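Novice: My structure is below; once you've seen it, I'll send some questions.
What follows is calculated from the coordinates using simple rules that are stated; it is not laboratory data. Nothing here was measured: the structure is a model prediction, and the numbers come from that model. Heads up, the Cβs are rebuilt from the backbone with ideal geometry, glycines too, and the neighbour counts pull from every protein chain shown.
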Amino acid sequence: MKIDVVTLDKKGKGGSLELADSVFGLPSRPDILHQVVRWQLAKRQAGTHDTKEIAEVSGTGKKPYKQKGTGRARQGSLRSPQFRGGAIIFGPTPRSHAFALNKKVRALGLKTALSDKQREGKLVVIDSAALPDGKSKALSAKMKEMGWTSALFIDGQQVDEGFARAAANIKHVDVLPSQGANVYDILRRDVLVLTRAAVEQLQARLS
């Protein structure tokens, strides 16, 4: 399929580009997208939650009172969970929340996300993403002109430093290199903007 290429520096078209159906023309698969997003977010979880077990709670190891003759339940330590300030039993401990996901499923998820944006008419291809002066005002004005309020820009192997600096000050705008393209960031922004270099590299990577 063909898509028109837009230029950011001036109004008009920058020609057209052929999109591979194997990458941008797949049917929608919400189940696959759900799996991949869960996998991504699980890897991001810190997993640093921790509670103190009985060996970690500060306090005496002395028996509170004698075993028999008091009329009360027998106790072995004031650090037990039934006492105020005592231990937490079976509480959370530091761990990784990540789980494995097949490479083919991850690749299918990325292709599905790209295809969904193309099908919804929210995929835009631009000639290049470069702003030598790095001014947010110029990029913001261009986005307003295009009607973009939430966008993810994906460039080639390297992102232009000036463009990244300009986008950093604009709300709901992200910039990634092609190797950083992922399902979660594509879905969380309304418009997906790819450069020519990004399209070529993504098709080479996913075909």
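Novice: Just how far, in whole angstrom, is region 116-187 from region 50-87 if you go by their alpha carbon centroids?
Specialist: About 59 Å separates the Cα centre of region 50-87 from the one of region 116-187.
Novice: In addition: Less than 14 Å Cβ to Cβ from Val37, Lys/Arg counted +1 and Asp/Glu -1: what total charge do the surrounding residues give?
Specialist: Every neighbour counted, the sum reads +4.
Novice: Considering the Cα positions of the chain, please state its Rg to one decimal place and its Dmax as a whole number of Å.
Specialist: Here Rg and the maximum Cα pair distance are 27.0, 94 Å.
Novice: Which of the peptides 194-205, 55-66, 142-153 is most tightly packed, and how do the rest follow, going by the mean number of other Cβ atoms within 10 Å of each residue?
Specialist: 194-205, 142-153, 55-66
Novice: Another question, if that's okay. Please report, in Å, the Rg and the Dmax of region 51-91, where both are computed over Cα atoms only.
Specialist: 11.1, 35
Novice: Okay, next question. Would you mind counting up the charge near Ser28? Only other residues with Cβ under 14 Å from its Cβ, with Lys and Arg at +1 and Asp and Glu at -1.
Specialist: Here the charged neighbours net out to +2.
Novice: I want to verify a result. In a Gaussian network model of the chain, Cα cutoff 10 Å, which of these has the top mean-square fluctuation: Gln118, Gln45, Gln179?
Specialist: The residue with the greatest mean-square fluctuation here is Gln45.
Novice: Which residues among region 36-77 fall inside the zone where the amide N is under 17 Å from a point 7 Å beyond the Cα of Phe90, along Cα→Cβ?
Specialist: 51-54, by backbone N distance to the label point.
Novice: Output the pairs from Lys122/Lys171; Lys103/Lys171; Lys43/Lys104; Lys2/Lys111; Lys43/Lys117 with a Cα-Cα distance over 27 Å in this structure; if there are none, say none.
Specialist: Lys103/Lys171
Novice: Note down the net charge around Gly85, summing +1 for each Lys or Arg and -1 for each Asp or Glu among other residues with Cβ under 13 Å from its Cβ.
Specialist: So the surrounding residues net to +2.
Novice: Which of Lys135, Lys117, Lys103 ends up with the largest GNM mean-square fluctuation for the chain, with Cα atoms connected below 10 Å?
Specialist: Lys103
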